[in-house]
1. Of the residues 62, 80, which is of a type in the set (Ser, Thr, Tyr) and assigned to a loop (DSSP other than H, G, I, E, B)?
2. Among the residues in segment 203-214, are any in a loop (DSSP other than H, G, I, E, B), at pLDDT 90 or above and either out of contact with any Gly (no Cβ under 8 Å at 6 or more places or on another chain) or of a type in the set (Lys, Arg) (or both)?
3. Sort out which residues of segment 237-259 are more than 15 Å from residue 206 (Cα to Cα), in a helix (DSSP H, G or I) and over 22 Å from the mean Cα position of the chain (by Cα), and write them in order of number.
4. Looking at segment 113-136, which of the residues that are more than 9 Å from the chain's Cα centre (by Cα) and not aliphatic (A, V, I, L, M) is surrounded by the most Cβ atoms within 10 Å (Cβ to Cβ)?
5. Here are some conditions: (1) over 17 Å from residue 116 (Cα atoms); (2) at pLDDT below 95. Residue 222 meets all but one. Which one does it not meet?
6. Could you check segment 100-109 and list, in sequence order, the residues that are under 16 Å from residue 209 (Cα atoms) and modelled with pLDDT of 95 or more?
7. One residue is enough: does segment 55-70 have a residue meeting the conditions over 28 Å from residue 259 (Cα atoms), touching a residue at least 24 places away in the same chain (Cβ under 8 Å) and among the charged types (D, E, K, R)?
8. Output the residues belonging to segment 67-80 that are surrounded by fewer than 16 Cβ atoms within 10 Å (Cβ to Cβ) and within 23 Å of residue 44 (Cα to Cα).
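The values are calculated or read from the model by the stated rules, or taken from the named source; none is laboratory data. Model, not experiment: these values are computed from the prediction. Cβ placement follows ideal geometry from the backbone for every residue including glycine, while neighbour counts extend to all protein chains displayed.
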Amino acid sequence: MKKAIWFVLVALLAISGCDKNDNTILLFSVVDDKKLGLQVSQEIANDPAYTILSRTQYTEAYQYLDALVLEILDGGEIAYRDEFAWEIHILEDDNTLNAFATPGGYIYVYTGLIKYLDNVDALAGVMGHEIAHADLRHTSRTMQKQYGVSLLLSVILGNEAGQLAQMAAQLAGNAAGLKFSRSHETESDERSVEYLATTQYACDGAKLFFQKIEASGQGGGTPQFLSTHPSPANRIANIEAKATEEGCDTQQVANSGYAAFQASLP
């Protein structure tokens, strides 16, 4: 029996393959990411705790945000640009400064965060950060540590769909409070700089949120989506260092229509 399980494990590793970003082997395949992300998005859509703005009713707002995200996605730096869904949703809650990404490229941003940020470069920085979490498959990497053996056993027992459904429900219930490691947060900050370097937006846009938090004396109250580790001051320094290393443009976009975008929201 042990030998049979060993052969199954080897076969699963071969199927899962190497990640495009760093060639590490993930037990969660890209197909699993896509399946899981779709299920999470459906759970969120049906959860009364989340209020997703209608694309039909808020066409102008979505057109603005879609154009911003599309410019980042089409910059040539996204490994899973063609595999993942890259669906963008605006969540209505002016009291929540948050954004989050799920596996498979489903990105959510709260109206509270959009209205809190001062300009489009800051929002582009946040979107780049969240796109990085999805593209680098940080949720799957974290879940592999937690569910790896369980998932493999489910596959062996023919219950993969049930396992993924259970994970999707758990992720959806805690999506707004997903926690990533210090290294994952730093990696997403740095990738945001790389992503924005190919766009019209200031490549260090991700630091602007932290600067505003620090200026208002809220350093200890940083929203979960950007975490509190490393500290805001350290993250500003890291982002600036990465921008210097890349030699990219830090000039902020003028006349971007950001105020009109904010005003188009409820």
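1. Working: 62 fails: assigned to a loop (DSSP other than H, G, I, E, B).
Just one listed residue meets the conditions, 80.
2. Going residue by residue through segment 203-214, those that are in a loop (DSSP other than H, G, I, E, B) are 203-205.
Retained after the next criterion (residues that are at pLDDT 90 or above): 203-205.
Narrowing further to those that are either out of contact with any Gly (no Cβ under 8 Å at 6 or more places or on another chain) or of a type in the set (Lys, Arg) (or both): 203.
There is at least one residue in segment 203-214 that is in a loop (DSSP other than H, G, I, E, B), at pLDDT 90 or above and either out of contact with any Gly (no Cβ under 8 Å at 6 or more places or on another chain) or of a type in the set (Lys, Arg) (or both).
3. Initially, segment 237-259 is screened for residues more than 15 Å from residue 206 (Cα to Cα), giving 245, 247, 254-259.
Next, from what is left, pick out any that are in a helix (DSSP H, G or I): 245, 258-259.
245, 259 - these are the residues of segment 237-259 that are more than 15 Å from residue 206 (Cα to Cα), in a helix (DSSP H, G or I) and over 22 Å from the mean Cα position of the chain (by Cα).
4. Taking the candidates together, the pick is 125.
5. (1)
6. Step one: list which residues in segment 100-109 are under 16 Å from residue 209 (Cα atoms), which gives 100, 109.
Matches in segment 100-109: 109 only.
7. Of the residues in segment 55-70, the ones over 28 Å from residue 259 (Cα atoms) are none.
For segment 55-70, residues over 28 Å from residue 259 (Cα atoms), touching a residue at least 24 places away in the same chain (Cβ under 8 Å) and among the charged types (D, E, K, R): absent.
8. Selection gives 70 alone.
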